[in-house]
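Worksheet: the structure to be examined is printed underneath.
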Amino acid sequence: MKALVVYESMFGNTASIARAIAAGIRAHADVTCADVSTMPSSAGMDLIVVGGPTHAFGMSRPSTREDAARQGASRPGTADVGLREWLGRSPALTGLAAAAFDTKIDRPFVPGSAAHKAHRWLGRLGCRLVAAPESFRVAETTGPLRPGEKERARRWGETVVKAVLAVREPV
């Protein structure tokens, strides 16, 4: 089985979560973990997992990425390409197993989720959604990740791939 984890990361937190998710998947599948700015292809994949930071109640936009750059985001070409653009350029993904995650600030009553928006977009592309959208917490806009989030991400990645394998295995 082949899996692709596509992520958008401004300050490195979402990239860390994506790598942890890929590590969980790797125990059961061949996995590629790629920054969305490389515009990775989903061709030949059995599973895609997409994720990005929550900006202004959902997925980032060029204006919110520019704001992140003003705050010191280290991602090259920050404003050009994000998860929104990757999904917008994607061909139909009919039947492809998929899941979505995000990172968001760990504060009470912070509305919105990039993962929920990406989850719906994946459904519109025809994906078979194998897990509910998942959020991983950061302490502040620039990080760091809350303690235990990388391990939780690894376990979530393993849960996602096992959900795909359970459907693929003969009964």
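Note on the chain: semi-axes of the ellipsoid equivalent to its C-alpha gyration tensor, largest first and rounded to whole Å, are 25, 17, 14. In debye to the nearest 20, how big a dipole does the range 2-168 give about its Cα centre with +1 on each Lys and Arg Cβ and -1 on each Asp and Glu Cβ? My answer is approximately 320 debye.
As a proxy for reagent exposure, 33, 127 were ordered by neighbouring Cβ count within 10 angstrom, fewest first; the result is 33, 127. For the chain, the membrane-span-like helix rule (DSSP H, alpha carbon extent of at least 18 Å along the helix axis, mean Kyte-Doolittle at least 0.5) picks out 13-26; this says nothing about an actual membrane. Which whole-number percentage describes the relative contact order of the chain, with Cα contacts under 8 Å and a sequence gap of 6 or more? 28 percent.
Exposed loop sites, defined as chymotrypsin sites (Phe, Trp or Tyr not before Pro) outside DSSP H, G, I, E and B with at most 15 other Cβ atoms within 10 Å, are absent from the longest region of the chain, namely 110-171. Working note: Cα gyration tensor of the range 19-61, eigenvalues times five, square-rooted, sorted largest first, giving semi-axes of 22, 13, 9 Å. The fewest-to-most ranking of 145, 4, 165 by surrounding Cβ atoms within 10 Å reads 165, 145, 4. For 28, 55, the sequence from fewest to most other C-beta atoms within 10 Å is 28, 55.
FYI, it's all coordinate maths here, none of it is from the lab. All values reported here derive from a predicted model rather than from experimental measurement. We place every Cβ from the backbone using ideal geometry, glycine too, and count neighbours over all the protein chains shown.
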